[in-house]
Structure formats: C-alpha cells, structure tokens
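Participant: My questions will all concern the structure given below.
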Amino acid sequence: MATVVVKLSAALVYPSGSTDLEAHGSTVGEVVDDLCAGRPALAGRILGAEGRQLVGIFLNGRSVRQLGGLQTAVADGDEIRMTPPIAGG
C-alpha cells in the first residue's frame, strides 16, 4: 500500500480543513476512499452519491481519465491533485 500526497484545490478545502493531505492505497480509487473516510462532505464533492467522479483527478500531472481511471495504480511518493470542473465563456 502506497503513501500518496493529495493536494486539494481551494474550492475543496472547506470540508477537509487542509489543502495538503496524506492518504494510502494501491490505486487512485483506494486513495480517494482513504482520503474520504470520516469526511462525508468531502466524499460527496469528489465522488457523487452514485460514486461518479465529479472533480478532475490528476496523478503526477496526468488526468486519471487518460490513464486507468480510479483503477490506476499508485506508488509511494506519488502526488494526486483534485480540482473541481471550471466552466466559462
């Protein structure tokens, strides 16, 4: 099980109280589950009620949607960044 640094954007900070957190897991999904354990408000903002990814999740600068999704393997020292979608015109 890897130890991963998770960096949250300012829009996600309120429920967790910190922008830089540490979580553990073998995949991005396991890291997200560990991060959200005991933080239901944060869990609802990252993965909706149906478990669908609501924010951009980036592993070492690459979108996990372009990798293996939440099943993407992680290693010790990896960095995951989470940002809500941004729209504009």
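The values are calculated or read from the model by the stated rules, or taken from the named source; none is laboratory data. Computed from a predicted model, the values in this text were never measured in an experiment. Cβ sites come from the backbone with ideal geometry, for glycine too, and all protein chains shown count toward neighbours.
Participant: Can we say Ser9 is modelled with pLDDT of 95 or more and among the polar types (S, T, N, Q)?
Facilitator: no
Participant: Would you check which residues across region 56-69 are of a type in the set (A, V, I, L, M) and farther than 17 Å from Glu30 by Cβ and list them?
Facilitator: Once the filter is applied, which keeps residues that are of a type in the set (A, V, I, L, M) and farther than 17 Å from Glu30 by Cβ, region 56-69 yields nothing.
Participant: Under 6 Å by Cβ, and 6 or more places apart or on different chains, what pairs join a residue from region 69-89 that is farther than 21 Å from Ala2 by Cβ with one that is modelled with pLDDT under 90?
Facilitator: Thr83/Ser9; Pro84/Ala11
Participant: Name every residue in region 42-60 that is surrounded by fewer than 17 Cβ atoms within 10 Å (Cβ to Cβ) and either closer than 20 Å to Ser18 by Cβ or modelled with pLDDT of 85 or more (or both), in order of residue number.
Facilitator: Correct list: Gly44, Leu54, Gly56, Asn60.
Participant: Just name the residue that is modelled with the lowest pLDDT out of those in region 61-89 that are in a loop (DSSP other than H, G, I, E, B) and either surrounded by 13 or more Cβ atoms within 10 Å (Cβ to Cβ) or under 11 Å from the mean Cα position of the chain (by Cα) (or both).
Facilitator: My answer is Pro84.
For (1) surrounded by fewer than 19 Cβ atoms within 10 Å (Cβ to Cβ); (2) touching a residue at least 40 places away in the same chain (Cβ under 8 Å); (3) touching a helix residue (DSSP H, G or I) at 6+ places or on another chain (Cβ under 7 Å); (4) of a type in the set (D, E, K, R), each residue gets a yes or a no:
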position: Val4; (1), (2), (3), (4): no, yes, yes, no
position: Leu8; (1), (2), (3), (4): no, yes, yes, no
position: Val13; (1), (2), (3), (4): yes, no, no, no
position: Thr19; (1), (2), (3), (4): yes, no, yes, no
position: Ser26; (1), (2), (3), (4): yes, yes, no, no
position: Asp33; (1), (2), (3), (4): yes, no, no, yes
position: Pro40; (1), (2), (3), (4): yes, no, no, no
